[in-house]
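Undergrad: Okay, here's the structure, questions in a sec.
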Amino acid sequence: MRAALLHAVGDDKLDIRDDVTLTPVGPTDVRVRIRATGVCQSDLSAVSGVLPQPMPLVLGHEGAGEVVEVGDHVTSLQPGDHVIINWRPACQECDLCLGGQPYLCLKYIIESFSKGNFRFGGGETAYGLAGCGTWAEEIVVPWQGAIRVDADVPWEAAALIGCGITTGVGAAVNTARVRPGSTVAVVGCGGVGLSVIQGARVSGARLILAVDPLASKHELAKKVGATHAVTPDQVPDALNELTGGSGFDYGFEVVGKSATIQSAWQLTRQGGDCIVVGAGAMDDMVSISAFSLLFEGKNLLSSLYGEADVRHDFPYFANLYKAGKLDLDSMISARIKLTDLNDAVAALKGGEALRQIVIMD
């Protein structure tokens, strides 16, 4: 089958080849034929080394497809099921899973660094990003990594739910629990930032400020729910005009940089919630004074994968889409082929691309 391999961190080009095979399906695994997969900022972070991954690596973690084979012990899925890939599968047995935080379970993430399900070049092992590798025509994942969804959900929409939508909408709905009538600022208007905006809109926020240096993204931010959109240099005026200088109830950072985390913190009012959604580098340190942390009464929160329990949230977000409450179609900036992935990565680096979706032939 075909797949896009990254041989080493920092490589300029992906190796798109057609001699890739899969390991046999284990008793608790499923094999999925990928029908659509997104090009996400986290894929670019793996290319650059910001997100450490084993090499060689089949990129891709935001995807949807059809189950073609299940292991002997799998009872929840069967061939023909439409599924969304869950890049953070939960064991459903550890204290974190049983305590209501399955998005923090590390069992399969840890396994993904030593268990490569791809073979190429006569038997060499390749790993999948976050244990997935959806930039391949087929993948093998634990059964917890494939969540069934209604067959009438388009593949492109289902793929987006697999990462960007769940991460962003979940940050607003699950982590922040945005209240009706509240005010929200979102720093960063890529695919996940736009999803945060949609989550805030669905939650009933009355004022949503989108902040992004690329003015070309402002129109779409407003289309999906932002009431105002500005560049970073316009933030002080917007802060005064919209909140009288007091700040927003919720400030979301969706870039993954210490500077933008501090910007979101400054946009958040006293007693408000500042939520970090972007995935940053391990050596990028955030500086906030101890005085500010205590006396301003703000809450600094993280939101990993939208704090989702995907067994509920994937179908829930799919139903919101079908009901016209989530606009996923507008977020797709291009539909491409697997062979176009090098160009897609270059476009993502340029900053203009939102969500490019690979439609498998």
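Undergrad: Could you list, in sequence order, all residues of segment 326-361 that are at pLDDT 95 or above and among the β-branched types (Val, Ile, Thr)?
TA: Residues satisfying the conditions are Ile336, Thr339, Ile357, Val358, Ile359.
Undergrad: Name the residues in segment 1-46 that are polar (S, T, N, Q), crowded, with 21+ Cβ neighbours inside 10 Å and modelled with pLDDT under 95, would you?
TA: Correct list: Gln41, Ser42.
Undergrad: Here is a further query. Could you check segment 129-247 for helices (runs of 4 or more DSSP H) lying wholly inside it with 1 or more residues that are under 23 Å from Asp361 (Cα atoms) and modelled with pLDDT of 95 or more?
TA: Output list reads 155-160.
Undergrad: Which of the following residues is farther than 23 Å from Asp212 by Cβ, of a type in the set (A, V, I, L, M, F, W, C), out of contact with any helix residue (DSSP H, G or I) (no Cβ under 9 Å at 6 or more places or on another chain) and at pLDDT 95 or above: Ala318, Ala323?
TA: Ala323
Undergrad: Looking at Ala136, Ala90, Ala151, Ala130, which is the one that is over 16 Å from the mean Cα position of the chain (by Cα), within 19 Å of Thr21 (Cα to Cα) and either surrounded by fewer than 20 Cβ atoms within 10 Å (Cβ to Cβ) or aliphatic (A, V, I, L, M) (or both)? Spell out how you get there, then give the answer.
TA: Values: Ala90 fails: within 19 Å of Thr21 (Cα to Cα); Ala151 fails: within 19 Å of Thr21 (Cα to Cα); Ala130 fails: over 16 Å from the mean Cα position of the chain (by Cα).
Ala136 is the lone residue from the list that is over 16 Å from the mean Cα position of the chain (by Cα), within 19 Å of Thr21 (Cα to Cα) and either surrounded by fewer than 20 Cβ atoms within 10 Å (Cβ to Cβ) or aliphatic (A, V, I, L, M) (or both).
Undergrad: Answer yes or no: is there a residue in segment 46-55 that is assigned to a strand (DSSP E or B) and aliphatic (A, V, I, L, M).
TA: No - not one qualifying residue is present in segment 46-55.
Undergrad: Let me ask another. Which numbered condition trips up Arg33, out of (1) part of a loop (DSSP other than H, G, I, E, B); (2) over 30 Å from Cys189 (Cβ atoms)?
TA: Failing condition for Arg33: (1).
Undergrad: Looking at Val9, is it assigned by TED's automatic domain parsing to the domain that holds Leu341 and in contact (Cβ under 8 Å) with a residue 60 or more places away in the chain?
TA: No: the conditions fail for Val9.
Undergrad: Follow-up question, since we're still on this one. With a cut-off of at least 2 residues that are surrounded by 19 or more Cβ atoms within 10 Å (Cβ to Cβ) and assigned by TED's automatic domain parsing to the domain that holds Leu96, name the helices (runs of 4 or more DSSP H) lying wholly within segment 263-361.
TA: In segment 263-361, the matching helices (runs of 4 or more DSSP H) lie at 341-350.
Undergrad: What do you reckon, is Asp43 under 19 Å from Leu348 (Cβ atoms) and in contact with a helix residue (DSSP H, G or I) (Cβ under 8 Å, 6 or more places away or on another chain)?
TA: In short, yes.
The values are calculated or read from the model by the stated rules, or taken from the named source; none is laboratory data. Worth saying up front: this structure is predicted, and the values here are computed from it rather than measured. We place every Cβ from the backbone using ideal geometry, glycine too, and count neighbours over all the protein chains shown.
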